[in-house]
Each structure stands twice: as C-alpha cells, then as structure tokens.
Amino acid sequence: MTRRTRQRLQVLELLEETEEFCSAQQLHARLRERDTGIGLATVYRTLRLLADSGEVGRVRLPSGEQLFRRCDSGRRHHHHLVCRFCGGTVEIVSPATEAWAEEVAAVHGYLDVTHTLEIMGTCPRCAVNGPPAE
Ligand SMILES: [Zn+2]
Ligand SMILES: [Zn+2]
Ligand SMILES: [Zn+2]
C-alpha cells in the first residue's frame with residue numbers, strides 16, 4: 001500500500017466515524033491524536049480529491065472555510081442543511097429543487113448545468129442549548 005493510499009484510508013476512516021461536518025484543521029487534529037503523522041497540507045489535499053470525486057460531501061461557509069463529511073447519501077446528488085454552530089447536518093434530496101434548477105437553465109438556453117446549494121441555519125439543539133463550547 002502506498003503512503004498516499006494509506007493516508008487516504010485514514011482520512012476516510014475518520015470521516016466514517018464523524019457525524020457532523022468538520023474542517024480540515026479539526027480532522028487533522030483528530031488524526032494527530034492517533035499518531036498518524038499526516039500533515040495538514042496532506043489532509044487538505046486528500047479532502048479536496050475526495051470531495052472532487054464525490055466520495056465526500058463539502059460545504060463552503062460564508063467565511064470561505066470548507067467543511068467535509070462522509071455523506072449518508074453517498075454519491076447521489078443531494079443538498080445539505082447545515083447548523084452554522086455545531087455543523088449538524090440534514091441531507092436533503094429534493095426533486096422539486098432539481099426540476100426548478102433545470103427549468104431556470106432551460107429558460108435561458110443553458111446546457112450542461114450544475115448547481116450547488118447549501119442551507120445554513122441554527123439547529124434545534126443549538127437553538128435550545130446555545131452554541132457548543134469550543
Ligand atoms: Zn451530504
Ligand atoms: Zn447546531
Ligand atoms: Zn441539486
């Protein structure tokens with residue numbers, strides 16, 4: 001097994017155990033606790049590759065930060081409802097949204113259309129308990 005393959009598996013394994021969306025820094029810190037010896041740059045690169053290939057879900061926060069998660073819906077196209085405080089996530093499959101996006105594009109004569117859509121908010125838990133302590 002190459003070093004790169006092993007690192008990729010370590011990142012995937014960690015994501016498998018992680019429910020909420022996490023930043024590369026958070027994942028890197030957890031990997032370090034396990035003495036994996038993966039550098040932050042490698043974690044970034046691995047996450048980007050996994051996200052580009054659709055194996056891992058990615059959301060971009062308004063701050064520009066990217067968060068990653070192993071999606072329950074796998075590679076199937078879907079969207080995320082994300083808590084801006086704890087990263088808690090609901091996966092959304094919405095035929096109505098897909099139809100709307102295609103319709104809008106068709107009206108304007110656009111082909112090969114893709115879209116990204118993320119819905120951010122405060123989850124019920126954070127609304128009641130306040131944001132989790134750092
Ligand atoms: Zn997802
Ligand atoms: Zn929350
Ligand atoms: Zn969609």
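The values are calculated or read from the model by the stated rules, or taken from the named source; none is laboratory data. Just so we're clear, the structure is a prediction, and the values are computed from it rather than from any experiment. Because the Cβ atoms are built from the backbone with ideal geometry, glycine has one as well, and the counts that use them run over all protein chains shown. Note: accessible area is taken over every heavy atom of the protein model, side chains too, but ligands, DNA and RNA are not part of it. Shrake-Rupley method; radii C 1.70, N 1.55, O 1.52, S 1.80 Å.
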**OP:** Mind checking the stretch 9-113 for trypsin sites (Lys or Arg not before Pro) that DSSP puts in a loop (not H, G, I, E or B) and that have at most 14 other Cβ atoms within 10 Å?
**Re:** Arg34, Arg75, Arg76
Subject >> Nearest-0.05 FRET efficiency for His77 and Val107, computed from C-beta distance (R0 30 Å) >> reply: 0.90
Original post:
If we count every other residue with Cβ under 15 angstrom of Leu31's Cβ, Lys/Arg +1 and Asp/Glu -1, where does the sum land?
Top reply: +4
Original post:
Tell me, what is the per residue accessible area of the chain in Å², probe radius 1.4 Å?
Top reply: 66
Original post:
Can you give the accessible area of His78, probe radius 1.4 Å, in Å² rounded to 10?
Top reply: 30
Original post:
Over the chain, what is the percentage of antiparallel beta bridges among all DSSP beta bridges, to the nearest 5?
Top reply: 70
**OP:** Report the charge-dipole magnitude of the stretch 14-134 in Debye, nearest 20, computed about the Cα centre from +1 at each Lys and Arg Cβ and -1 at each Asp and Glu Cβ.
**Re:** 320
Subject >> Positive dipole terminus of the chain, leading residue within Gly54, Gly88, Ala41 (C-beta point charges) >> reply: Ala41
Subject >> Cα long-axis angle, helix 24-33 against the chain (0 to 90 degrees, to the nearest 10) >> reply: 30
Original post:
Given a cut-off of under 8 Å on Cα pairs at least six residues apart, what relative contact order in percent is computed for the chain?
Top reply: 21
Original post:
Separation between the Arg84 and Glu20 pseudo-spin-labels, each 7 Å from Cα along Cα→Cβ, expressed in nm?
Top reply: 1.6
